[in-house]
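The values are calculated or read from the model by the stated rules, or taken from the named source; none is laboratory data. Here the structure is a predicted model, which means the values were calculated and not measured. Methodologically, a virtual Cβ is constructed for each residue, glycine included, from the backbone with ideal geometry; neighbour enumeration extends over all protein chains shown. To get the accessible areas, we keep the full protein, side chains included, count just its heavy atoms, and leave off ligands, DNA and RNA. Shrake-Rupley method; radii C 1.70, N 1.55, O 1.52, S 1.80 Å.
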Amino acid sequence: MLWVESKALRLQKITPHVIMFLKSTEDNKTLVLHVKNIGEGVAYNVQINTLENFNQFGLENAPISQFGILKEGFSAMPPNYELKFFIGDLVELYEESRDRKIKLEVKYKRKDKKNISEVFTLPLVQAMGQNYSTPPETYLGQIPYYLKEINSSIKKNTLTNNSNI
């Protein structure tokens, strides 16, 4: 039993797990495609095929199949490595999101050359229901939020002071 568990643990340490998901930016204005290796092993020769294409920001000359990794592939994705691709404006996509989806197939190899393949169907409507907090949750998201607030406060005070002169 110990040998079986040890073998399974060693296999887990070399096995990558590349996933794809849609998420909005912190300001909830842009839809982003995330490609991330959540496994403990390195994913080698990563290839992503678009099974149902999608045009970035609705532009006919910007299909996502032409994004770097989707077009050229990726030689290695270490554990926790993540790529982000901006897909489109959430307000514009909201109107057409009911039946729209992005369908992608990811193929890669683990260290022992075993092939792994998975298909991801990502309906846009799933990304539309995400909550957005004001101010954003993370410190990096709060910086631009509060800078914008400070800027509008300064402008308001400047206009008020100029009208009193």
Exercise for review: Heavy atoms only, probe 1.4 Å: what % of the accessible area of the chain goes to carbon and sulfur, would you let me know?
Suggested key: 54 percent
Study note, to complete from the structure: Pseudo-spin-label distance Phe57 to Asn151, built 7 Å along Cα→Cβ, given in nm, is 1.8 nm
Study note, to complete from the structure: With a 20 Å threshold on alpha-carbon distance, the violating pairs from Lys23/Lys71; Lys71/Lys107; Lys13/Lys109 are Lys23/Lys71
Check your understanding: So for Val125, Val18, Val91, Val119, what's the accessible-area order with a 1.4 Å probe, most first?
Key -> Val91, Val119, Val125, Val18
Review point. Taking a probe of 1.4 angstrom, what is the accessible area of Met77 in Å², to the nearest 10?
Key: 0 Å²
Check your understanding: Of [x] 28, 17, 15; [y] 33, 15, 14; [z] 41, 22, 14, which one was derived for semi-axes √(5λ) of the Cα gyration tensor in Å from the structure shown?
Key -> [z]
Revision key, fill the gap. Under the helix-only model (-39500 (n - 2.57) for each DSSP H run of 4 or more, divided by the residues of the chain), the mean residue ellipticity at 222 nm, to 500 deg cm²/dmol, is -10500 deg cm²/dmol
Revision key, fill the gap. Amide H neighbours of Leu51 at under 5 Å, excluding residues fewer than 5 places away on the same chain, with H built from the backbone geometry, are Lys103, Leu104, Glu105
Study note, to complete from the structure: So the angle from the long Cα axis of helix 2-14 to the longest Cα principal axis of the chain, reported in degrees to the nearest 10, equals 50 degrees
**Study point:** Nearest-ten-degree value, helix 139-164 long axis tilted from longest Cα axis of the chain
**Key:** 10 degrees
Study note, to complete from the structure: Taking trypsin sites (Lys or Arg not before Pro) in a DSSP loop with at most 16 other Cβ atoms within 10 angstrom as exposed, one finds the longest site-free stretch of the chain at 30-97
Study note, to complete from the structure: Relative contact order as a percentage, region 18-128, C-alpha pairs under 8 Å and 6+ apart, gives 32 percent
Check your understanding: By how many nm would the segment from Thr138 to Asp27 lengthen if fully extended, with 0.36 nm per residue of separation less the alpha-carbon distance?
Key -> 38.8 nm
Exercise for review: Return the single residue from Glu52, Glu137, Glu26 with maximal mean-square fluctuation; model: Gaussian network over the chain, springs between Cα atoms under 10 Å.
Suggested key: Glu137
Check your understanding: How big is the accessible area of Tyr108 in square angstrom, nearest 10, if you roll a 1.4 angstrom probe over the protein chains?
Key -> 10 Å²
**Study point:** Per DSSP, loop chymotrypsin sites (Phe, Trp or Tyr not before Pro) in region 1-60 with at most 10 further Cβ within 10 Å
**Key:** none
